[in-house]
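> Before I ask anything, let me first share the structure, which is written out below as C-alpha cells.
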Amino acid sequence: MKKQVVIIHGGETFKNYKDYLAFLKSCEIEIKKNKAKKWKETLAEKLGKGFEVLYPKMPNPMNAKYKEWKIMFEKLFPFLRNNVILIGHSLGAAFLARYLSKRDLPKKIKAIFFVSAPFGSKDKKYWLAGFSPLKSLKNLEKQAQKIVLCHSRDDKVVPFSDVKKYAKALPKAEVLAFKNKGHFNQASFPELIKKIKKI
C-alpha cells in the first residue's frame, strides 16, 4: 500500500478586518502566466509511485481563520490511513501544531514535518490569530512517531528563533537548519524528499 502524505499550505492572518484591508491595499498583485510550480505542487511527482499525496486547498488563505481550516481539515479524515505523514508549511504548520495539541487525529501519525513554522508573538506584524500554538505541545508529541522541524536562518517571514521555541516545546523533534532556503518557496526541496523516503 502507498505511503500517504498530507500537505497543509500556508496563509495570512490578521488581528482585524481593518488590518486585512490595509494589507490588500499595500500588497503587490501577482500576474504570471505559466507560473512555476513550488515544491508542494511537485511533491507527489518527486516522491514517486510509492506515495499518495493529498494537498487540500484551505479556505481563504489570504485571511485565514482557524475555525474554517479546522472544518476543512476534518473533511480529510475519511480519506486518511494509519501511518500518515503530515507536512505543514508556515501557517499550515501552526495550524497542525494547534490542532494536534488539542485533539487526536483518528489515524496513527508516522511523522510530522513543520516547514518554517511560526510560533507566534505579540508583534502586530506577526499575528497568528487563532492559529497560535498552545503552551503545551505534549498531545502532538505523543501522537507522532517522528517530528522534524525545518527552518532557514535567512527566512524573512518567520524568524529563525521560532524553530528554537518549537524545539523546546517538542524535545524529541529533529531540527533541520538551513542557511539559504528563505521561507521555502523554492521549486524543489530535495532534503525533504530524502527524509520522507527514509521513513
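> When you go through (1) within 16 Å of the chain's Cα centre (by Cα); (2) at positive phi one by one for residue 83, which number turns out not to apply?
With (1) within 16 Å of the chain's Cα centre (by Cα); (2) at positive phi applied to residue 83, the lone miss is (1).
> Picking from 45, 41, which residue would you name as being part of a helix (DSSP H, G or I) and more than 17 Å from the chain's Cα centre (by Cα)?
When all the criteria are applied, what remains is 45.
> Condition check: of a type outside the set (Gly, Ala, Ser), in contact (Cβ under 8 Å) with a residue 12 or more places away in the chain, more than 22 Å from residue 158 (Cβ to Cβ) and in contact with a Phe, Trp or Tyr (Cβ under 7 Å, 6 or more places away or on another chain). Does residue 47 satisfy that?
Against the criterion (of a type outside the set (Gly, Ala, Ser), in contact (Cβ under 8 Å) with a residue 12 or more places away in the chain, more than 22 Å from residue 158 (Cβ to Cβ) and in contact with a Phe, Trp or Tyr (Cβ under 7 Å, 6 or more places away or on another chain)), residue 47 does not qualify.
> Could you tell me which of the residues 137, 76 is more than 15 Å from the chain's Cα centre (by Cα), in contact (Cβ under 8 Å) with a residue 24 or more places away in the chain and surrounded by 20 or more Cβ atoms within 10 Å (Cβ to Cβ)?
137
> Taking region 131-184, which residues are in a loop (DSSP other than H, G, I, E, B) and in contact with a Lys or Arg (Cβ under 6 Å, 6 or more places away or on another chain)?
Across region 131-184, the qualifying residues are 133, 153, 160, 179.
> Looking at region 11-36, I want the residues that are acidic (Asp, Glu) and have a partner that is modelled with pLDDT under 85 and part of a loop (DSSP other than H, G, I, E, B) with Cβ atoms under 8 Å, at least 6 apart or on another chain. Which pairs are those?
Within 8 Å, the pairs are 19/127.
Listed here are the residues, each with its yes/no results for (1) free of Cβ contacts under 8 Å to residues at least 60 places away in the same chain; (2) assigned to a strand (DSSP E or B); (3) touching a helix residue (DSSP H, G or I) at 6+ places or on another chain (Cβ under 7 Å).
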{"site": "59", "(1), (2), (3)": "yes, no, yes"}
{"site": "81", "(1), (2), (3)": "no, no, no"}
{"site": "87", "(1), (2), (3)": "no, yes, no"}
{"site": "92", "(1), (2), (3)": "no, no, no"}
{"site": "95", "(1), (2), (3)": "no, no, yes"}
{"site": "104", "(1), (2), (3)": "yes, no, yes"}
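> Right, here's the next one. Within the group 178, 189, 114, which residue is under 19 Å from residue 66 (Cα atoms), surrounded by 13 or more Cβ atoms within 10 Å (Cβ to Cβ), among the aromatic types (Phe, Trp, Tyr) and at pLDDT 90 or above?
114
The values are calculated or read from the model by the stated rules, or taken from the named source; none is laboratory data. Predicted, not measured: the structure shown is a model, and the values here were computed from it. Cβ sites come from the backbone with ideal geometry, for glycine too, and all protein chains shown count toward neighbours.
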